[in-house]
Amino acid sequence: MVSIGYFLSSEEFGPRELVRQAGLAERAGFTRLWISDHYHPWNHEQGNSPFVWSVIGALSERTTLPITTAVTCPTVRIHPAVLAQAAATAAVQCEGRFTLGVGSGEALNEHILGDPWPSADVRLSMLEEAVELIRALHRGGPVTYHGEHYTVEQAEIFTRPAEPVPIYVSGFGPKAATLAGRIGDGFACVQPNPELIDAFRESGGGNRPAQGGFKVCFAPDEQEAVQTAHRLWPNEQLPGELAQVLPTPRHFEQASTLVTPDMVAAAVPCGPDPDRYVEQLRTYLDAGYDEVYVQQIGPDQDQFFEFWTEHVLPRVPELETV
């Protein structure tokens, strides 16, 4: 059985609404949660970016669903020793149902303290060292660490879960997927690309979980849904490495003027036809993901959950539901 989760968008919604959506997702049969970790939204139309660790604390009181950050960058904006403490606390709050999803990050969030934005290879090296340091702290006892990128002196995390927090590593290219296989307890990606999953599994990932996710926009009228998706998430259709290197929402807005509504309509399931949602979901199942997360774009959250429960889930019997 493949688990189906809901993707809580910290860029589009405030903390109280995210907690409300988590309750709706659990009642609608979703079995897991992803939640994004951003300092900035991608553009001003999205308009939010709450501190994810506060939201996770609230989620732990609202839902019993497992939660994964998708994803946290543990390298620049926040030191990995601090994130190790945050993740340990989240795991205690969630009674062990928390996974730390990590990635090499985007300049959009990580440039804010004035640090230089490293090249991709350096970012991956920093990520590997950060994961090593976080794991050392999660094992317990005082840690002194002198690495290439990070130094820690006699740090010790006292509030820890019974077991170390699982760390899943995201990857959008073969180098990152290979690193995820070497150091990750699991893999995360937003592309239905079986080659990336193969790279993860062949480089050491084996049968560890692979998480994938995608966006949809349900509305009773297809054109209305396309307009909503284009207004809020045109950045999803930007090519190449732009998402990693553009530094501000304003720059994403400038680049997104090149994205047309037709481009969004071709990439994002929009409107009331359940077959489009099922087709997109099956591309992720066929790629080999063990967990698939869905994000509804826009304000029609309640209608989306009703639609998903009544019209999409019955067409995909191999999905695990609560």
Residue selected from the range 62-89 under the condition among the small types (G, A, S) and under 16 Å from the mean Cα position of the chain (by Cα), by the criterion surrounded by the fewest Cβ atoms within 10 Å (Cβ to Cβ) | A70
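How about the range 133-150: which of its residues are within 24 Å of A107 (Cβ to Cβ) and either open to solvent by 20 Å² or more (accessible area, probe 1.4 Å) or of a type in the set (D, E, K, R) (or both)? Lay out the reasoning, then the answer.
We begin by selecting, within the range 133-150, every residue within 24 Å of A107 (Cβ to Cβ); these are 133-134, 147-150.
Selection gives G147, E148, H149.
Only helices (runs of 4 or more DSSP H) wholly contained in the range 242-310 count here; list those with 3 or more residues that are modelled with pLDDT of 95 or more and open to solvent by 60 Å² or more (accessible area, probe 1.4 Å). Steps first, answer last, please.
Numbers: elements: 242-245, 249-256, 261-267, 274-287, 301-307.
In the range 242-310, the matching helices (runs of 4 or more DSSP H) lie at 249-256, 261-267, 274-287, 301-307.
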Report, ordered by the first and then the second residue, all pairs with beta carbons closer than 8 Å, sequence separation of six or more or different chains, a first member in the range 197-226 that is on the phi > 0 side of the Ramachandran plot, and a second member that is open to solvent by 10 Å² or more (accessible area, probe 1.4 Å) and among the basic types (K, R).
-> G204/R182
In the range 156-184, residues that are under 15 Å from A130 (Cα atoms), touching a residue at least 60 places away in the same chain (Cβ under 8 Å) and open to solvent by 30 Å² or more (accessible area, probe 1.4 Å) total 1
Only one of (1) open to solvent by 20 Å² or more (accessible area, probe 1.4 Å); (2) in a helix (DSSP H, G or I); (3) of a type outside the set (D, E) fails for W42. Which number is that?
-> (2)
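This table checks each residue for (1) open to solvent by 60 Å² or more (accessible area, probe 1.4 Å); (2) among the acidic types (D, E).
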| position | (1), (2) |
| --- | --- |
| E26 | no, yes |
| S36 | no, no |
| I56 | no, no |
| R97 | yes, no |
| E110 | no, yes |
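In the range 249-264, is there at least one residue being more than 27 Å from A107 (Cα to Cα) and in contact (Cβ under 8 Å) with a residue 40 or more places away in the chain? Before the answer, list the steps.
Narrowing the range 249-264 to residues more than 27 Å from A107 (Cα to Cα): 262.
Then keep just the ones that are in contact (Cβ under 8 Å) with a residue 40 or more places away in the chain; that gives none.
There is no residue in the range 249-264 that is more than 27 Å from A107 (Cα to Cα) and in contact (Cβ under 8 Å) with a residue 40 or more places away in the chain.
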List every residue pair whose Cβ atoms lie under 8 Å apart, where the two residues are 6 or more positions apart in sequence or sit on different chains, the first residue falls within the range 280-294 and is basic (K, R), and the second residue, located anywhere, is part of a loop (DSSP other than H, G, I, E, B).
-> R282/V316
Which of the residues that make up the range 186-211 are among the hydrophobic types (A, V, I, L, M, F, W, C) and within 14 Å of the chain's Cα centre (by Cα)?
-> F187, A188, C189, V190, A210
Number of positions in the range 1-14 that are in contact with an Asp or Glu (Cβ under 8 Å, 6 or more places away or on another chain), open to solvent by less than 20 Å² (accessible area, probe 1.4 Å) and not in a loop (DSSP other than H, G, I, E, B) = 3
Scan (1) in contact with a Ser or Thr (Cβ under 8 Å, 6 or more places away or on another chain); (2) within 20 Å of G298 (Cβ to Cβ); (3) open to solvent by 30 Å² or more (accessible area, probe 1.4 Å); (4) not small (G, A, S) for the single condition E17 breaks and write down its number.
-> (1)
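The values are calculated or read from the model by the stated rules, or taken from the named source; none is laboratory data. All values derive from a computational prediction rather than experimental measurement. Backbone-built Cβ (ideal geometry, glycine too); neighbour counts: all protein chains shown. Surface accessibility is based on the protein's heavy atoms, side chains included, excluding ligands, DNA and RNA. Shrake-Rupley method; radii C 1.70, N 1.55, O 1.52, S 1.80 Å.
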